[in-house]
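Scroll down for the structure; my scribbles are underneath it.
The values are calculated or read from the model by the stated rules, or taken from the named source; none is laboratory data. These figures come from a predicted structure and were not determined experimentally. Here the Cβ positions follow ideal geometry from the backbone for every residue, glycine too, while neighbour counts run over all protein chains shown. Side chains are part of the model used for accessible areas, which takes the heavy atoms of the whole protein and leaves out ligands, DNA and RNA. Shrake-Rupley method; radii C 1.70, N 1.55, O 1.52, S 1.80 Å.
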Amino acid sequence: MLASQHRSVLDVLKGLLAESSAGNGRLVLVSGGLASGKTELLHEFSRVAADSGALLLSATGSVGENTLQAGMIDQLFHGAGLPPEVSDQVSRLIRRHTVTTDATRQAEAEVVREIGDVLLELSRERPVVIGVDAVHLVDGLSLRLLLYLCRRISSARILLIMNEWDLPQSTIPSFYAEVTRGFHRRIWLTPLSACDIAEVLPAPMDPALATALHRLSGGNPMLVNALIDDHHADPGGRTAADGTARPAVGVAYAQAVMACLHRWEPELLGVARALAVLGEPSSAGLTGGLAKINPKAAERAVEAMTEAGLLAGGWFRHPVAAAAVLDGIGAEERSCLHVRAAGLLYRRGMSTTKIAAHFVAADRAPEDWATGVLRDAAEQALAGNEVAVAVQCLELALRSVRDEGERLAITKVLVRALWRVNPSAAALHLPLLREALQQGCLFGQDAAAVVRHSLWNGDVQTASRAMEALTATPDLLNVQTAAELHLTYQWFYGTSRGPHGRFDTASAWGDEARRMTTIWTHGDNEAALVSAENILQSCRLGETTLEVVAIAMLTLMYGGRMERAIHWCDELIDEAVRSGTLTWQAVLGAVRADIALRQGEVVVAAARAQAALELMQVQSWGILIGYPRTTLLLANTAMGRYQEGAELLQQRVPDEMFATLIGLLYLHARGHYYLATDRVLAAISDFQTCGRLMQDWELDRPMLVPWRSDLAEANLRLSRWGVARDLVGEQIDRLKPIDLRTRGISLLILAAASGLAQRPALLREAVDCLRTAGDRLLLSRALTDLGAALQQLGESDEAQPLNCRAMREAAICYSGVLPLRLSRSWSTGPVLPDPGETAEESNPLALSDSECRVAELAALGHTNREISRTLHITVSTVEQHLTRVYRKLGVKSRADLPPELAPPDRRASAGPPEAGSRAKSGMRGIAK
């Protein structure tokens, strides 16, 4: 379909046809850029001419035939329906010329005259229309024939139309000089405008697409038609996310781009390929150097492609165009081009990042200087958290290097990079590092990495040998690296089995690390929490050991600073996502899942643990695979998803894991799964094994794994009340003041093992502990058990609101699964709600964990500053939580807060809580 511009030109040609048919021959030059519609116009007019009864003779110049003498003439006289005798006559004339290798200028002129006279004779019989497309590619003899006709058609019935590509510098200047000397008509075809394109869009295409089509095609009719074809093939591409028109760009467009490039001399295609390989707009000197032409020629080629709508601003108008050009280059040739591009950039002093990208694209680096460039580019990529780029550069450098010293240097950086995204791949390069460490050639983080990688995979023997090498040469580690190595050992083996006394860690960093770990030995230690904050404040992704960061966050978690642990965990996960460091994302995701579980958010915990597991392959996790699986198993068990739990337990874990802290957590989780599925003896076996190992390793700390209360709960299932009470009593005696969660668990079990009269006091204290600890799931169970005990004692008025509060807490914990009602037993799981009950009915207040804790204290009459001190958060945070609470509950101030928010046993209290009094009274009751 022709645009309005082309239709007006067609009307002009019709008028010239009428004039020439009357004996006034006409010459027309149609000029335009590459693929500007000249050919389409000529074809359309040819149909008009044929319908008028004129004799139509047509030919097309081409790169492949411009050295074939009389090639155009041969096209004119064959296939045009001419009498055989005319075609034969011309063929004889052509052969006479082409078989004569020493033909003189006079002989050529004679051939041209005779063929020209044949055309003039034909015009006496009827009008003749001669259409020549791409005249700039026609051979020399044929051009002389055209000139012969130009000088003689003024009184002949001949219309001669010649299409030419409008170039800054003509390839046949003498021809054009003579043609334009005489009378002629010059027509220029300009690119289609957006309005022109809108006119030719077929229904039901949205006219709003015209602007986008113009932007992609530059008004090139061939590209416009191709885009229309792509749109029909994929109409879904017509609307962008922001609602604006966006056409599909696909195969047809790519093919049209290549068709445009192949229409001209190879020089144009060569420049297009050079641009595509360089990957960005480049100078004429660089582009020409890669295409092996001079800068001026490269500049002209870029101008021509810009006028043709292929380029804009020196670059392809769409990535599909660049990809099509690249795909058109053979693999070997493309590799060579990238290597040559790297060399050109290197000699021009360009950045190593750009140079290295070409070596990576070539998949080889043959130059002597290439290894240094690749290493430097990798270091820059790591500094910018572009880990994948760094790995590509280093792996190529490692394949190319010959010097062993340089091989070691590259391997060190490669291991650091791979560790961030694929620890199992990093392990493949460890043998060289281990050997270098034994020889005293490895220092600092690189030396510690050997130990860390070995510990990660449970290879204690290799880790021990590496430690011996490090202790033999203390200067191999600085004090920070030594302190980090201590913490890494503790991440896997606890505080009692690390490399104590082997390194000098006397420094500010080492002191902070030591203070942080005192939470496990001294319990209520504010200094440990401050040190954890300081370490997290100072850490940087890739600069601080991952295990150190994880320990710091767990210190905050076990120390009751849940909000701070969540803050740091989320912040570092976001940074890891931005930088693409999968290992950090996975491990920190597992920590975040653990935090959610300790808050009772079982649905969230399961989702986060599963997401963390999916970030890395199983082998990349090493023995740490047990950490997220433990969280996932506990969460599934709490939700009653026993089939999922069984499938999880069928997945193999490394045997070496059971010699680490992760193994203790796994035994704890597996034991609770067995207990929930009525495999009591199997549960007891796991809990006893856990306890024995913790005692053997001098790690018998209930904060880590409360194995005694686990074992007590299992004994309750066997009606061994006395054994259960003894186990829980022993655990309570070992508790640190800061461990309110474990204390709450212990009191729950003790209440279940005690007489009815003793239960309310124990459960009230358990409720206080678990509310402060922030575990909603355990809190809901404590409230349920307390309500049941009071109900049995005849105190129904107090029991009813407790049951409502328990339901509210449970609904939040199981949010996203189903609104669940808590059972009346500590050891059994949740049951489904009554039919017809909605989530809103089971969770009428719908407050977040933090908001509930603040609201409860506010309902008791505490000031914002008192709440801040109690919950270890800022006054500003308290104010923000209360603002959201007021909005969600539809109240204006704390005076309007519903009384149900406060615990039943404290609603009458008006003053600040007496710190420590309830804990002491509870201990006295237990001791009795």
Can you find, within segment 455-471, the residue that is surrounded by the fewest Cβ atoms within 10 Å (Cβ to Cβ) among those that are in a helix (DSSP H, G or I), in contact (Cβ under 8 Å) with a residue 24 or more places away in the chain and among the small types (G, A, S)? A469
I'd like to know if segment 661-677 contains one or more residues that are over 26 Å from E547 (Cβ atoms) and charged (D, E, K, R). no
Taking segment 683-720 only, how many residues are among the small types (G, A, S) and open to solvent by 30 Å² or more (accessible area, probe 1.4 Å)? 2
Output the residue which, of all residues in segment 734-750 that are in contact with a Leu (Cβ under 7 Å, 6 or more places away or on another chain) and without any contact (Cβ under 8 Å) to a residue 40 or more places away in the chain, is nearest to L711 (Cα to Cα). I745
Of R263, R317, which residue is modelled with pLDDT of 95 or more, charged (D, E, K, R) and open to solvent by 60 Å² or more (accessible area, probe 1.4 Å)? R317
Residues satisfying the stated conditions in segment 1-56, i.e. within 20 Å of V135 (Cβ to Cβ) and of a type in the set (S, T, Y): S20, S31, S36, T39, S46
Within segment 601-614, is even one residue surrounded by 23 or more Cβ atoms within 10 Å (Cβ to Cβ), under 22 Å from W568 (Cα atoms) and not hydrophobic (A, V, I, L, M, F, W, C)? yes
Identity of the residue in segment 16-63, hydroxyl-bearing (S, T, Y), open to solvent by 10 Å² or more (accessible area, probe 1.4 Å) and part of a helix (DSSP H, G or I), that ends up nearest to V200 (Cα to Cα): T39
Go through (1) crowded, with 22+ Cβ neighbours inside 10 Å; (2) under 30 Å from V413 (Cβ atoms) and name the single condition L310 misses. (2)
Could you tell me which of the residues A753, A855 is modelled with pLDDT of 80 or more, touching a Lys or Arg at 6+ places or on another chain (Cβ under 7 Å) and buried (at least 22 other Cβ atoms within 10 Å of the Cβ)? A753
Residues of segment 515-534 being at negative phi and either open to solvent by less than 10 Å² (accessible area, probe 1.4 Å) or of a type in the set (D, E, K, R) (or both), which ones? R515, M516, I519, D524, E526, A528, L529, S531, A532, E533
Right, E303: more than 30 Å from the chain's Cα centre (by Cα), surrounded by fewer than 18 Cβ atoms within 10 Å (Cβ to Cβ), acidic (D, E) and within 28 Å of H262 (Cα to Cα) or not? yes
Subset of segment 472-481 (residues that are under 22 Å from R420 (Cβ atoms), open to solvent by less than 30 Å² (accessible area, probe 1.4 Å) and part of a helix (DSSP H, G or I)): T481
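Please go through segment 641-670 and give me each residue that is part of a helix (DSSP H, G or I) and open to solvent by 50 Å² or more (accessible area, probe 1.4 Å), ordered by number.
To start, the set of residues in segment 641-670 that are part of a helix (DSSP H, G or I) comprises 642-650, 655-659, 661-670.
Of everything in segment 641-670, those that are part of a helix (DSSP H, G or I) and open to solvent by 50 Å² or more (accessible area, probe 1.4 Å) turn out to be Y642, Q643, E644, E647, Q650, D655, E656, F658, R670.
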Would you mind finding the one in V373, V389 that is farther than 24 Å from L326 by Cα and buried (at least 17 other Cβ atoms within 10 Å of the Cβ)? V373
For segment 863-879, which residues satisfy the criterion of being open to solvent by 40 Å² or more (accessible area, probe 1.4 Å), touching a residue at least 24 places away in the same chain (Cβ under 8 Å) and closer than 15 Å to G560 by Cα? T870, H872
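Which one is nearest to the chain's Cα centre (by Cα) among residues in segment 269-300 that are among the hydroxyl-bearing types (S, T, Y) and open to solvent by 10 Å² or more (accessible area, probe 1.4 Å)? Write out each step before concluding.
If we filter segment 269-300 for residues that are among the hydroxyl-bearing types (S, T, Y), which is where we start, we get 282-283, 287.
Add one more test, that the residue is open to solvent by 10 Å² or more (accessible area, probe 1.4 Å), and what stays is 282-283.
Numbers: S282: 28, S283: 32 Å.
So, considering only residues that are among the hydroxyl-bearing types (S, T, Y) and open to solvent by 10 Å² or more (accessible area, probe 1.4 Å), the one nearest to the chain's Cα centre (by Cα) is S282.
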Flag if L588 is surrounded by 22 or more Cβ atoms within 10 Å (Cβ to Cβ) and in contact (Cβ under 8 Å) with a residue 24 or more places away in the chain: yes
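Restricting the search to segment 593-639, which residues are of a type in the set (D, E, K, R) and either in contact (Cβ under 8 Å) with a residue 24 or more places away in the chain or within 26 Å of L740 (Cβ to Cβ) (or both)?
D594, R598, E601, R608, R629
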Among (1) open to solvent by less than 10 Å² (accessible area, probe 1.4 Å); (2) under 21 Å from K736 (Cα atoms); (3) in contact (Cβ under 8 Å) with a residue 60 or more places away in the chain, the one test that L556 misses: (3)
Among D849, D775, D834, which is surrounded by 16 or more Cβ atoms within 10 Å (Cβ to Cβ) and modelled with pLDDT under 75? D849
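Within segment 50-59, identify whether any single residue is among the polar types (S, T, N, Q) and either modelled with pLDDT of 90 or more or on the phi > 0 side of the Ramachandran plot (or both), and answer yes or no. Step through it out loud before you land on a result.
Filtering segment 50-59 for residues among the polar types (S, T, N, Q) gives 52, 58.
Filter again for either modelled with pLDDT of 90 or more or on the phi > 0 side of the Ramachandran plot (or both), leaving 52, 58.
Checked segment 50-59: at least one residue is among the polar types (S, T, N, Q) and either modelled with pLDDT of 90 or more or on the phi > 0 side of the Ramachandran plot (or both).
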Please go through segment 756-772 and pick out each residue that is part of a helix (DSSP H, G or I), surrounded by fewer than 24 Cβ atoms within 10 Å (Cβ to Cβ) and hydrophobic (A, V, I, L, M, F, W, C). A761
